[in-house]
Amino acid sequence: MFGTLETGYGYWSPIIWVITIIVIGIIIYIIWWLGEPTYKKGTEQTKPFLAGMPELSKEAVTVRADNVYWGFKEALKHYYRPMINSHSGVINDYICWFVVVLAIVFIIIWGML
Amino acid sequence: MKITKSFERALWVFHVNTGSCNGCDIEIIDALTPRHDVERFGIRLVGTPRHADVLLITGPVTKQMEEPLKRIYAQTPDPKAVIVVGSCGITGGVFYESYNLVGPVNEVLPKDAYIVYVPGCPPRPEAIIHGVMKAWMVLESLEGKKL
């Protein structure tokens, strides 16, 4: 199970990998150990330095999928603007629209008969 | 005097311009040029306050720079010292009582900040180097107190 596997082109030894990982871990620990220990956790000292500016939220500094459609929305903004304004989110408004449109339809049908 | 641990390393300085006319900044650059060459003493400018022992501040503090200066001071690891280079950062200088100033540096930083003043308009590079050495002595005393 832990023996060396000869492939014909090289070999595979899990023992060498384990030793390599341990050595890398020791190097990482030494680098961490040599680091500055006086930083105060939970203060500005452990936050990123952005030229003195506050760190913004990830949502505020990343490009959203919505931004891909900017040109589409900009070209059709004259269509979208009244549509968005008419969608108030109030159910009474929607019922009112429904009644008005239904009345218009009935008037048209009544005129055709 | 017992030589403390910080003598074993270089003194790293972070430069902050809080509204200077750049006169003092040019003198700071002069201190780095081959004529004075402070890097031979281990004094060098760094690009982030997180690596700095000393903040080198030039100019009076404008309203735009008040919050960044407070944040930069807070981000500098302890123990730390502040050097105010030039008359503007000490008293406001020629910009005294200007409408867009918060005030001199000591009115913006915490009251317990250790500040070394280098007066002049602008001060000579030798005076700036002297101020850095004073700040180094402040750090040595703080190191001894284990703050």
*Just which residues of the range B:49-90 lose 50 Å² or more accessible area with every protein chain there, against their chain alone, with the probe set to 1.4 Å?*
B:Arg50, B:Arg71, B:Gln75, B:Asp78
*When chain B is modelled as a GNM with alpha-carbon springs shorter than 10 Å, which of B:Pro125, B:Pro77, B:Pro49 fluctuates the most?*
B:Pro77
*Selected from B:Pro60, B:Pro34, B:Pro104 as most flexible by GNM, with chain B as the system and alpha-carbon contacts under 10 Å*: B:Pro34
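How much accessible area per residue does chain A have, in Å², with a 1.4 Å probe? Numbers along the way, then the final one.
Details: 10500 Å² over 113 residues.
Roughly 93 Å² per residue, with all protein chains present.
Of B:Leu32, B:Leu69, which has the most accessible area and how do the rest follow, probe 1.4 Å? Display every interim value, and only then the final one.
Working: B:Leu32 50, B:Leu69 0 Å².
The most accessible residue leads, giving B:Leu32, B:Leu69.
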*Based on the Cα coordinates of the protein assembly as shown, what is the per residue volume of their convex hull in Å³?*
402 Å³
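List the GluC sites (Glu not before Pro) within the range A:12-97 that DSSP assigns to loop and that have no more than 14 neighbouring Cβ atoms inside 10 Å.
Values: sites: A:Glu44, A:Glu55, A:Glu59, A:Glu74; in loops: A:Glu55.
Passing both the DSSP loop test and the Cβ count: A:Glu55.
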*Would you mind classifying the range B:10-139 by shape? Square roots of the alpha carbon gyration tensor eigenvalues, ordered a ≥ b ≥ c; an a/c under 1.5 is rounded, otherwise it is prolate if a/b is larger than b/c and oblate if not.*
oblate
*Heads up, I need the accessible area for A:Ile108: 1.4 angstrom probe, whole protein in place, Å², nearest 10.*
100 Å²
*What residue among A:Pro14, A:Pro37, A:Pro54 shows peak mean-square fluctuation when chain A is described by a Gaussian network model with Cα springs under 10 Å?*
A:Pro14
*Extending each Cα 7 Å along its Cβ direction at B:Asp112 and B:Met137, get the distance between those two points in nm, one decimal.*
2.4 nm
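How would A:Lys73, B:Lys111 line up by accessible area, probe 1.4 Å, largest first? Provide the component values of the computation, followed by the final result.
Details: A:Lys73 85, B:Lys111 180 Å².
Putting A:Lys73, B:Lys111 in descending order of accessible area: B:Lys111, A:Lys73.
Accessible area, 1.4 Å probe, largest first: how do B:Asp25, B:Asp37 sort?
Numbers: B:Asp25 20, B:Asp37 50 Å².
From most accessible down to least: B:Asp37, B:Asp25.
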*Which value, in Å² rounded to 10, gives the accessible area of A:Cys96 with a 1.4 Å probe and all protein chains present?*
80 Å²
*Taking every DSSP beta bridge that has both residues in the range B:10-139, what percent is antiparallel when rounded to the nearest 5?*
10 percent
*Return the carbon/sulfur percentage of the accessible area of the protein assembly as shown, one whole number, probe 1.4 Å, all protein chains in place.*
66 percent
*Roughly how much accessible area, to the nearest 100 Å², goes out of reach of solvent when B and A pair up, both sides summed, probe 1.4 Å?*
1200 Å²
*Calculate, for A:Thr38 and A:Lys58, the FRET efficiency according to 1/(1 + (r/R0)^6) with r their C-beta to C-beta distance and R0 35 Å; round to the nearest 0.05.*
0.75
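The values are calculated or read from the model by the stated rules, or taken from the named source; none is laboratory data. Note that this is a predicted model, so its numbers are computed, not measured. Note that we place each Cβ from the backbone using ideal geometry, even for glycine, and neighbour counts take in every protein chain shown. With ligands, DNA and RNA removed, areas are computed over all heavy atoms of the protein, side chains included. Shrake-Rupley method; radii C 1.70, N 1.55, O 1.52, S 1.80 Å.
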